[in-house]
1. Along the charge dipole of the chain, Cβ charges K/R +1 and D/E -1, which of F44, I5, G25 sits furthest on the positive end?
2. Pull out the extension gain between D29 and I50, defined as 0.36 nm times the separation in residues minus the alpha carbon to alpha carbon distance; nm, one decimal.
3. From the backbone phi of the range 7-13, what are the Karplus-calculated ³J(HN,Hα) couplings (6.51 cos²θ - 1.76 cosθ + 1.60, θ = phi - 60°) in whole Hz, Gly and Pro given as x?
4. Not counting ligands, DNA or RNA, and with a 1.4 Å probe, what is K14's accessible surface area in Å² rounded to the nearest 10?
5. Regarding the chain, what are the three Cα extents along the principal axes, ordered largest first, in Å?
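The values are calculated or read from the model by the stated rules, or taken from the named source; none is laboratory data. Predicted model only: the values in this text are computed from it and were never measured. When we count neighbours, we look across all protein chains shown, and the Cβ atoms used for this are built from the backbone with ideal geometry, even at glycine. Heads up: the accessible areas ignore ligands, DNA and RNA and are worked out on the full protein's heavy atoms, side chains in. Shrake-Rupley method; radii C 1.70, N 1.55, O 1.52, S 1.80 Å.
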Amino acid sequence: MMEFIENAIDFGKKKLDKAIKFWNGLDDDKKRLYTVCAIVVVSFIVVASIAYSLGKSRRGKFI
């Protein structure tokens, strides 16, 4: 079990290092673009989940 956890931690470290190298290799304009895109995606997911939960809670009350 301990070996599995150590392998998972090593895998996560490798992926995080790869992502940091990619991020540091970008110029400032692309960093801003990716940041804005991430904000838009998160905002859309939040709004969609709120709309879904409101729609789900109101379902059947109009009949």
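1. Of the candidates, F44 comes out farthest on the positive side.
2. Between D29 and I50, full extension yields 4.4 nm more.
3. Result, rounded to whole Hz: 5, 5, 5, 4, 4, x, 4.
4. 150
5. 55, 44, 7
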